1. Determine whether Glu464 is under 30 Å from Gly136 (Cβ atoms) and either under 25 Å from the mean Cα position of the chain (by Cα) or assigned by TED's automatic domain parsing to the domain that holds Pro270 (or both).
2. Go through segment 449-504 and report how many residues are out of contact with any helix residue (DSSP H, G or I) (no Cβ under 8 Å at 6 or more places or on another chain) and loosely packed, with under 12 Cβ neighbours inside 10 Å.
3. If you scan segment 144-170, which residues turn out to be closer than 17 Å to Leu203 by Cβ and in contact with a Phe, Trp or Tyr (Cβ under 6 Å, 6 or more places away or on another chain)?
4. Checking the structure you have, find out if any residue of segment 350-365 is in contact with a His (Cβ under 7 Å, 6 or more places away or on another chain) and within 24 Å of Lys492 (Cα to Cα).
5. When you scan segment 222-236, do you find a residue that is part of a helix (DSSP H, G or I) and surrounded by fewer than 19 Cβ atoms within 10 Å (Cβ to Cβ), even just one?
6. Going by what's in this entry, would Ser177 be described as without any contact (Cβ under 8 Å) to a residue 60 or more places away in the chain, loosely packed, with under 15 Cβ neighbours inside 10 Å and of a type outside the set (Lys, Arg)?
7. Being free of Cβ contacts under 8 Å to residues at least 60 places away in the same chain, surrounded by fewer than 19 Cβ atoms within 10 Å (Cβ to Cβ), within 27 Å of the chain's Cα centre (by Cα) and within 21 Å of Lys211 (Cβ to Cβ): is that true of Lys360 here?
8. Going through Ser357, Ser299, Ser281 one at a time, which residue ends up being of a type in the set (Ser, Thr, Tyr), within 28 Å of Val253 (Cα to Cα) and assigned by TED's automatic domain parsing to the domain that holds Glu389?
Amino acid sequence: MIKDIENIELRYLTINDYQELKTAMIEAYSNMPNSYWNEEHIQSLIKKFPEGQVVIIVNDQLAGCALSIIVDYDKFEDHHTYREITGNYTFETHLLQGDVLYGIDVFIKSEFRGLRLGRRLYDYRKELCEGLNLRGIAFGGRIPNYHKYADKMTPKEYIEKVKRKEIQDPVLNFQISNDFHPSKVLKGYLEGDEASNEFAVLLEWDNIYYKKPTKKAAIQKKVVRLGLIQWQMRLYKNLEEVMQQAEYFIDAVSGYRCDFALFPEFFNAPLMAENNHLPESEAIRELSKHTNNIAQRFSELAIAYNINVISGSMPQMRNDLLYNVGFLCKRDGSMERYEKLHITPDEAKVWGMQGGSQLKTFDTDCGKIGILICYDSEFPELSRLLADEGMDILFIPFLTDTQNGYSRVRNCAQARAIENECYVAIAGSVGNLPKVHNMDIQFAQSMVFTPCDFAFPANGIKAEATTNTEMILIADVDIDLLRELNQFGSVKNLRDRRKDIFELKKL
């Protein structure tokens, strides 16, 4: 058959196709009475929603067809019937303001089966759904082989056996292979469908690009530009000099239209030099007195330079306890706090620090992000919980003194990108502080990691700074590529987890 094909065309259905369409439907549904639409029905569909009605033409013959409407899905119960969803076959249920593309009919004539033409129809529906910004596709799928097993098993058991390839159902197998997932069993769905015992499977496909309409004058960005600051540790006279240098970097990355500026962990440690005569535990507490002021000034800079600033981390006293915290200063003027949950043995022994207890994602104008401070990146449970909340980008401000310490953070950060199907940005400090106890040397190479699949760099590294050199690193990350990875990746780390044998949850 393939060698005889001269032309395949996908085009909109017209009323001139009706007689050929009617003949094709009678042949496709030969085991069902009154299995074709009347001409007035087709005319109504074309008038109401021409983009939803398409045919495949092979060698100038009608080979297949797909009919669709748009519905306000919340108005229908999950156990609706075909008659209800079509408005008693009037299609009055079609609403341009609806949110779901509902499949009314799809078929391929028998002599053209085996050419994957059905896949073309489904691919068209998916592209139409994405183009119209609908949240998904739904339809009631027939199970025409079920009548052979109806006396042995329930529809649910039948579907499970089809999914496990223990039973062959050409219709359901095809739909599952096209990324439609069974949602519910619909009883009494299509009158006269004796082969399915009038059962159908509610099949759904989720549009991963769907953006819920908003009245705000704002667009959530798909390509996000990250600005990482590889901070040079040097002695500063006072807080003003530290903030002058911080503003210089924020100005630089915002000049390149970055959406985020990421500072390292304890970037303000040089201010401890003036208290070097004190025990380390007291010097760090003196440093904490600057924290609220720095956070407020970062917030002002975020507004002034129209950029979201992630402040790295700083010591903060709360209820007479010392924590390692940071602030997400958004360009809309709001500010959110995050904490280091796992403190290092050195932080506990030398400074008397406490681990925090707050773990959450943050909503930004560039999607959901997570922030883990240094050592926290080495605990995979944390980032997995953030991924479950929808995190797209994980930011890791860090501070490491030796190369092996840096390697722990770097290698764990790259693993987090792969296992959580997200981008990971790490930023650290370089240089030396000979006049600050417990902060003598630093080693860093700031980087942006990606998952490892065809749409991303083969080695999972999007961008990398020069080792131990003060600089900024700028990289663009495409959020839509994460959506495609989740649906169509070579492997699907998030979706393939064995939740039937383990679970992870926050207390």
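1. Numbers: under 30 Å from Gly136 (Cβ atoms): no; either under 25 Å from the mean Cα position of the chain (by Cα) or assigned by TED's automatic domain parsing to the domain that holds Pro270 (or both): yes.
Answer is no for this residue.
2. 11
3. Across segment 144-170, the qualifying residues are Tyr146, Pro155, Tyr158.
4. Step one: of segment 350-365, the residues in contact with a His (Cβ under 7 Å, 6 or more places away or on another chain) are 355.
Narrowing further to those that are within 24 Å of Lys492 (Cα to Cα): none.
No, there is no match, as no residue in segment 350-365 is in contact with a His (Cβ under 7 Å, 6 or more places away or on another chain) and within 24 Å of Lys492 (Cα to Cα).
5. Here is the first cut: in segment 222-236, the residues part of a helix (DSSP H, G or I) are none.
Among the residues of segment 222-236, not one is part of a helix (DSSP H, G or I) and surrounded by fewer than 19 Cβ atoms within 10 Å (Cβ to Cβ), which makes the answer no.
6. Numbers: without any contact (Cβ under 8 Å) to a residue 60 or more places away in the chain: yes; loosely packed, with under 15 Cβ neighbours inside 10 Å: yes; of a type outside the set (Lys, Arg): yes.
Yes: the conditions hold for Ser177.
7. Values: free of Cβ contacts under 8 Å to residues at least 60 places away in the same chain: yes; surrounded by fewer than 19 Cβ atoms within 10 Å (Cβ to Cβ): yes; within 27 Å of the chain's Cα centre (by Cα): yes; within 21 Å of Lys211 (Cβ to Cβ): no.
No.
8. Values: Ser357 fails: within 28 Å of Val253 (Cα to Cα); Ser281 fails: within 28 Å of Val253 (Cα to Cα).
Checking each option against the conditions leaves just Ser299.
The values are calculated or read from the model by the stated rules, or taken from the named source; none is laboratory data. The structure presented is a predicted model; accordingly, all values stated were derived computationally and were not measured. Because the Cβ atoms are built from the backbone with ideal geometry, glycine has one as well, and the counts that use them run over all protein chains shown.
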